[in-house]
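All remarks here apply to the structure that follows.
The values are calculated or read from the model by the stated rules, or taken from the named source; none is laboratory data. These figures come from a predicted structure and were not determined experimentally. Neighbour counts run over all protein chains shown; Cβ positions are idealised from the backbone, glycine included. Surface accessibility is based on the protein's heavy atoms, side chains included, excluding ligands, DNA and RNA. Shrake-Rupley method; radii C 1.70, N 1.55, O 1.52, S 1.80 Å.
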Amino acid sequence: MMEDFRSVYVIGDIHGESKALRGLLDYVQPGPTDLVIALGDYIDRGEDSKGVVDSLIELTQSTNFIGIRGNHEQMLLNVLDGSMKPKPWLTYGGDATLRSYGVSKVCDFLPQEHLEFFKTLCDYAETDGFLLTHASYDPDLEFSQQPPELLRWQHLHETVPNPHLSGKTVVVGHTPQHLGEVLDLGHLVCLDTYCHGGGWLSVMELKSRAIWQFSRWGKRRKTASFLHR
């Protein structure tokens, strides 16, 4: 699969930080022969969730794009379909998302294009040597059999899974690395480097494993940092 693309870029948790995303995209400039995979949690907490979604929708039109559904997108969809009360979502940063759309109460506030974008997000992606999902996985189950709640909600500080039975490296977000360092365990890489909290938005190019990081103001970090355990 990766051979079909010039570059394959994987983006960690964005959480409403549109300037960081724009800085990243302006730097790597993905085009029609590239693939961009975003690991979820595009919305909530940061100031411009709407701007983030606008930029990601633009990506679907200008390059090859795979969007993975994070727990924050899942909460929003659950609130909108009535299967979840708004309060938990608002507590976890949904209030910032409402403000970015110019509303103060949960209602049918999403433009139809944005709603369709959220509905088409997938549970995971797979390339020749990598599996990619939002949160975590069961090492003994094929990815097609993974429980969605595990893919979206399990934190690595609760349990770090063993290598996956496929032998592929798994790339996730979800568990914030508060020091802003990419967590690289060999069989598992975490790209949530806490952009909304003062860390960085990270992108990894899968073929080279190069990492670039951008602040919430869109400035590139001179040297990406790694945490090995």
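Quick look at the numbers
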quantity: Enumeration of residues in segment 170-199 that are touching a helix residue (DSSP H, G or I) at 6+ places or on another chain (Cβ under 8 Å) and free of Cβ contacts under 8 Å to residues at least 40 places away in the same chain; calculated: His178
quantity: Exclusive hit being under 27 Å from Thr127 (Cα atoms), part of a strand (DSSP E or B) and at pLDDT 95 or above, set Tyr9, Tyr27; calculated: Tyr9
quantity: Unmet requirement for Glu158, which otherwise passes all of (1) within 22 Å of Ser18 (Cβ to Cβ); (2) without any contact (Cβ under 8 Å) to a residue 40 or more places away in the chain; calculated: (1)
quantity: Among residues of segment 38-73, those that are under 20 Å from Ala210 (Cβ atoms) and surrounded by fewer than 24 Cβ atoms within 10 Å (Cβ to Cβ), counted; calculated: 5
quantity: Conditions (1) modelled with pLDDT of 95 or more; (2) hydrophobic (A, V, I, L, M, F, W, C); (3) surrounded by fewer than 17 Cβ atoms within 10 Å (Cβ to Cβ): number failed by Phe226; calculated: (1)
quantity: Some residue of segment 82-90 being open to solvent by 60 Å² or more (accessible area, probe 1.4 Å), farther than 18 Å from Arg216 by Cβ and basic (Lys, Arg); calculated: yes
quantity: Residue in segment 148-160 that is closer than 15 Å to Asp13 by Cα and of a type in the set (Asp, Glu) present; calculated: no
quantity: Count of segment 171-196 residues which are more than 14 Å from the chain's Cα centre (by Cα) and small (Gly, Ala, Ser); calculated: 2
quantity: The lone exception for Gly167 - which of (1) of a type outside the set (Phe, Trp, Tyr); (2) assigned to a strand (DSSP E or B); (3) without any contact (Cβ under 8 Å) to a residue 60 or more places away in the chain it fails; calculated: (2)
quantity: Identity of the residue in segment 150-196, within 20 Å of Ala125 (Cβ to Cβ) and among the hydroxyl-bearing types (Ser, Thr, Tyr), that ends up surrounded by the fewest Cβ atoms within 10 Å (Cβ to Cβ); calculated: Ser166
quantity: Residues (part of a helix (DSSP H, G or I), free of Cβ contacts under 8 Å to residues at least 40 places away in the same chain and open to solvent by 20 Å² or more (accessible area, probe 1.4 Å)) located in segment 107-147; calculated: Gln112, Leu115, Glu116, Ser144, Gln145
quantity: Which numbered condition Ala20 fails, given (1) in contact with a Lys or Arg (Cβ under 7 Å, 6 or more places away or on another chain); (2) in a loop (DSSP other than H, G, I, E, B); (3) open to solvent by less than 10 Å² (accessible area, probe 1.4 Å); calculated: (2)
quantity: Segment 197-220 - residue that is at pLDDT 95 or above, open to solvent by 50 Å² or more (accessible area, probe 1.4 Å) and under 19 Å from Ala38 (Cβ atoms) and, of those, nearest to the chain's Cα centre (by Cα); calculated: Trp200
